[in-house]
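The values are calculated or read from the model by the stated rules, or taken from the named source; none is laboratory data. None of the values given here were measured: they were computed from a predicted structure. Every residue, glycine as well, gets a Cβ built from its backbone with ideal geometry; the counts of neighbours run over all protein chains shown.
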Amino acid sequence: MSERPRVIVTRRMPEAVEARLEALFDVQLNIDDHQFDNAELIGALQSADGLLGTVTDPYSKDVLAAGGALRARIIANFAVGYNNFDLEAAKAAGIAISNTPGVLTEATADTALTLLLNVLRGTWRFESMLRRGDWQGFGPTSCLGVSPQGKTLGIIGMGRIGRAMARRCYHGLGMKIIYYNRSPVADPEVPEARACATMGEVMAEADVVSLHIPGGAENRHRISRDLLEMMKPGAYLINTARGDVIDEAALIDLLENRRIAGAGLDVFENEPQVPERLLALDNVSLLPHLGSATIETRTAMGMLAVDNLEAFFDGKPMPSRVV
Ligand code: GLV
């Protein structure tokens with residue numbers, strides 16, 4: 001292209017990513033990192049050749065079908081998930097979409113493992129006690145948690161992140177692994193993982209269930225009240241996928257009634273709102289959607305998004321095109 005493509009970036013990016021964007025494109029950065037509303041998203045789509053967006057931008061039908069003439073031909077999403085898009089509307093508008101698979105697998109699995117250990121060992125609760133000045137010193141029966149060794153981890157969604165979580169828990173914690181996945185998967189690094197025919201089987205058998213299915217309309221409330229009620233008393237639920245894959249109100253009921261032992265959640269149905277009822281519970285560990293948030297991983301995600309933009313504008317195959 002003779003003229004540099006105009007690219008609008010909807011949120012702040014790691015420094016190295018912004019520097020590369022500025023070198024390649026006529027770029028508009030979001031210096032104060034505010035969240036774009038629908039009007040601003042539509043304005044961006046009307047005035048730029050491409051956007052670098054992320055999960056906080058709702059690319060709904062309303063936005064993608066707004067006011068006919070959209071100039072943008074590509075939106076590179078800074079996330080592996082793309083539930084913030086109406087993909088049909090993107091296709092109808094002739095806009096290519098890409099995501100950032102692969103580069104955030106390990107960081108997200110680390111977050112799931114952190115939550116698992118946090119809730120089984122109650123570490124966040126005991127740290128808060130210490131910080132409040134309430135610690136009375138070591139005691140043989142104080143600060144007791146539950147050991148993961150020999151327990152069963154049930155993975156729902158054995159994609160890249162699910163398998164990375166399975167590897168950590170099998171090799172690192174000595175857990176047994178069972179899983180549910182739409183299609184069969186074999187991971188030579190977790191040779192004894194057992195596939196279950198249904199999600200219900202995993203929910204009923206696991207001591208800890210970890211969710212790794214994509215968000216989006218198809219999976220909304222997939223982990224329904226009925227499935228949650230199949231969990232063993234004393235079992236734990238971990239979610240680093242998307243908040244709305246669980247019926248959050250049903251989960252809170254079960255946690256309040258101590259029907260299950262606890263939950264570790266990095267994602268919520270209506271982010272950044274976290275229900276008061278969850279905040280009031282002492283058997284949950286809650287994180288602010290930081291699954292992939294390491295400087296290395298976030299830089300790699302940004303670079304992959306830029307690779308997609310660059311390939312698109314050069315007329316080459318995009319490394320991770322969704323539609
Ligand atoms: C973040 O949530 C992602 O999908 O990468």
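Candidates Ile260, Ile238: the one that is more than 15 Å from Leu115 (Cα to Cα), away from the ligand (no atom under 13 Å from the Cβ) and buried (at least 17 other Cβ atoms within 10 Å of the Cβ) is Ile260.
The C-beta contact set for the range 311-323 (first residue under 14 Å from Thr100 (Cβ atoms), second residue assigned to a loop (DSSP other than H, G, I, E, B) and among the hydrophobic types (A, V, I, L, M, F, W, C), distance under 8 angstrom, 6+ apart or interchain) comprises Ala311/Met318. Checking each residue in the range 55-78 for being under 24 Å from the mean Cα position of the chain (by Cα) and more than 23 Å from Asp314 (Cβ to Cβ) picks out Val55, Thr56, Asp57, Pro58, Tyr59, Ser60, Lys61, Val63, Leu64. For the range 201-224, the set of residues classified as among the small types (Gly, Ala, Ser), outside any loop (DSSP other than H, G, I, E, B) and under 26 Å from Arg168 (Cβ atoms) consists of Ala204, Ser210, listed by residue number. Residue count for the range 265-320 under the criterion of being among the charged types (D, E, K, R) and over 25 Å from Asp244 (Cβ atoms): the result is 5. In the set (1) closer than 26 Å to Pro214 by Cβ; (2) in a loop (DSSP other than H, G, I, E, B), Asp62 fails one condition alone, (2). The lone criterion from (1) among the aliphatic types (A, V, I, L, M); (2) more than 30 Å from Arg220 (Cβ to Cβ); (3) away from the ligand (no atom under 16 Å from the Cβ); (4) surrounded by 16 or more Cβ atoms within 10 Å (Cβ to Cβ) left unmet by Val17 is number (3). Here Glu218, Glu276, Glu189 are screened, and the one residue that is without any contact (Cβ under 8 Å) to a residue 40 or more places away in the chain, within 16 Å of the ligand (Cβ to nearest atom) and acidic (Asp, Glu) is Glu218.
Residues checked against (1) modelled with pLDDT of 95 or more; (2) assigned to a loop (DSSP other than H, G, I, E, B); (3) over 22 Å from Leu290 (Cβ atoms):
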| site | (1), (2), (3) |
| --- | --- |
| Ala90 | yes, no, yes |
| Leu117 | yes, no, no |
| Gln136 | yes, yes, yes |
| Val146 | yes, yes, yes |
| Ala164 | yes, no, no |
| Cys169 | yes, no, no |
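Scan the range 295-323 for residues that are surrounded by 15 or more Cβ atoms within 10 Å (Cβ to Cβ) and under 29 Å from Ile238 (Cβ atoms) and jot them down. Those that are surrounded by 15 or more Cβ atoms within 10 Å (Cβ to Cβ) and under 29 Å from Ile238 (Cβ atoms): Thr297, Arg298, Thr299, Ala300, Met301, Gly302, Met303, Leu304, Ala305, Ser320, Val322.
Of the residues making up the range 286-323, those that are more than 23 Å from Asp86 (Cβ to Cβ), among the basic types (Lys, Arg) and either within 16 Å of the ligand (Cβ to nearest atom) or in contact with a strand residue (DSSP E or B) (Cβ under 6 Å, 6 or more places away or on another chain) (or both) number 1.
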